[in-house]
1. Return a yes/no flag: does the range 135-146 have any residue that is aliphatic (A, V, I, L, M), at pLDDT 95 or above and under 25 Å from the mean Cα position of the chain (by Cα).
2. Out of the residues in the range 25-56 that are modelled with pLDDT of 85 or more and open to solvent by less than 60 Å² (accessible area, probe 1.4 Å), state the one that is farthest from V235 (Cα to Cα).
3. Condition first: without any contact (Cβ under 8 Å) to a residue 24 or more places away in the chain and of a type in the set (G, A, S). Can you find one or more residues in the range 166-179 that meet it?
4. For the range 79-100: of the residues being acidic (D, E) and touching a strand residue (DSSP E or B) at 6+ places or on another chain (Cβ under 7 Å), which is farthest from K276 (Cα to Cα)?
5. Quick one: which of E445, E375, E399 is of a type in the set (D, E), surrounded by fewer than 16 Cβ atoms within 10 Å (Cβ to Cβ) and closer than 30 Å to Y171 by Cα?
6. Restricting attention to the range 157-175, does a residue exist that is surrounded by fewer than 18 Cβ atoms within 10 Å (Cβ to Cβ) and closer than 23 Å to D221 by Cβ?
7. Before we move on, is N436 out of contact with any Leu (no Cβ under 9 Å at 6 or more places or on another chain), open to solvent by 20 Å² or more (accessible area, probe 1.4 Å) and touching a residue at least 40 places away in the same chain (Cβ under 8 Å)?
8. Is one or more of the residues making up the range 361-371 in contact (Cβ under 8 Å) with a residue 12 or more places away in the chain, touching a helix residue (DSSP H, G or I) at 6+ places or on another chain (Cβ under 6 Å), within 19 Å of V314 (Cα to Cα) and crowded, with 17+ Cβ neighbours inside 10 Å?
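The values are calculated or read from the model by the stated rules, or taken from the named source; none is laboratory data. None of these values were measured; they are calculated from a predicted model. Backbone-built Cβ (ideal geometry, glycine too); neighbour counts: all protein chains shown. Just so you know, the surface numbers come from the protein's heavy atoms only, side chains and all, with ligands and any DNA or RNA stripped out. Shrake-Rupley method; radii C 1.70, N 1.55, O 1.52, S 1.80 Å.
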Amino acid sequence: MKSNIFKYIFIIFVIIIVVVAFFVIKSNEEEQEIEKETTSTEKEIVRQIRLGIAQCDTFNPLLTNNKNVQDITKLIYEPLVDISSDYKATPILATEWAKQDATTYIIKLRENIKWSNGERFTATDVQFTYDKLKENSSIYSSNLEHVTLLEIVDDYTIKMYLDQEVPFFEYYLTFPIVSKTFYDTQDYYNTGIVPVGTGKYKVDSVQENYIVLTPNTNWWDRDTEVTLEEITVNVYDSVGELYNAFKLGNVDMVSTNNMNIQDYIGTMGYTTKEIKGREHGFLVLNTQNALLANQEVRRAISYSIDKNHIVSNVFQNKYFTSSFPLDFGSWVYQEQDASSGYNPEQANQLLTENGWSYRSSYWQKTINRRTQRIELNLIVKASNSTQVSVAENIKTQLESQGIRMNIQQYSDEQYKLAIQNKSYDMILCDMNLSPNPDMSLFFGENNLANYANEEVTNLMNEVKNTTDEETIKKDYARLAEIYKTDIPYISLYTNKHTIAYNTELVGEINSNWFNPFCGIETWYR
């Protein structure tokens, strides 16, 4: 009997040992699995991204006409002043600037800056860059159009003299600065020459079909952590090849104004960020015209135009509606409303209250015993088929509201002369706006709408002569309010700029149309 008891105890003891061993082994396996997963996750983090250039003309930043190259060289070369993600002028190689008078600027340069090859950056490099832009045809030459002289005061101070006053002149100091002692007018890419810059990245190597960028250890900005360790820039013969490489996963990001981009890269395997671009479409209403001098007529026209209808039917929803020229994300302007302003009932009420009558399908008024209809001519550029389509859409909308509209299709030369002479009732304009918040085109002397307003003049003078950001924002909010109530112009649409990027790309994408690589130093896969 006792032997049986010992046997049972032994069996129970063995079972306990087996169970304990099982759980110990299982626990170890789970810990190893977790460690394996953690290690695997760490290995998956690749602090390297791949970009692409199509039809690379030259890697020389002063000579290239390729937007892809211009964007990528912003990682290597720096300007005196850069544009932030919200389009604010930001000091880079210049630390500050001041107007000595209306046409003279003094600019202080950042000290203790080194080029990526270790040489010292000074005012002579700025002078050299200025001379090159003045003597060569460059995309950046227009930045210095009104600069007649650059004078070196000392190693870190320069003066610029202008031939006329230029509001927000600091926005024109965004051209890349090159080294006087290391500059080659040849094609850097094709010759294999490795250029030097002061930017956050340097050219590590130049290969046959790609360029490798790595962090510039001489970069002056010690407060910004650069965690992206390598950028491979693949070079393709065509835009089609670049898009195909992105589709296949060989390029991590593309930046484009192409409204049909999905036709090339498909709809799967990537994320998009759609932002307002720089193309702005708007109507100019000549406020010196007998009819358009009446604010109620201008406002009625504005209330009668459905911008969403234009964007949907002409642009297949591949553009944004717009309410103000600076509503593309500029720091000086906060969008005040998301509506298109379309309100035909309000238009009818406004005209009725001001003595207009709706008869025979048109708005009419008897003035000095003569019947006057609201009938206007709209000028468009005949060579611009999209502009013609927009005009026809507007004509249909206005005429359904009893406002007669005649479309006049002008040749390019006639259109240009009409703009110069202000010889129009209304004209449809498409313009590429600058990140510069200057509104002289719309409100300045000899503006497009022949519009005069003493309050606007005072506001314009104040914003160009102050550096106080709150004052600037307040004044622009008031300018926008006047723009929308007095209606010298009607903003219609803005193009979409698309940033398409690999779903595995991690980081805050602060891209804008001026610089798609804002904050790239923190990206990774």
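1. yes
2. Q48
3. No, the range 166-179 contains no residue that is without any contact (Cβ under 8 Å) to a residue 24 or more places away in the chain and of a type in the set (G, A, S).
4. So the residue we want is E96.
5. Criteria check complete, one pass: E445.
6. Yes - at least one qualifying residue is present in the range 157-175.
7. no
8. no
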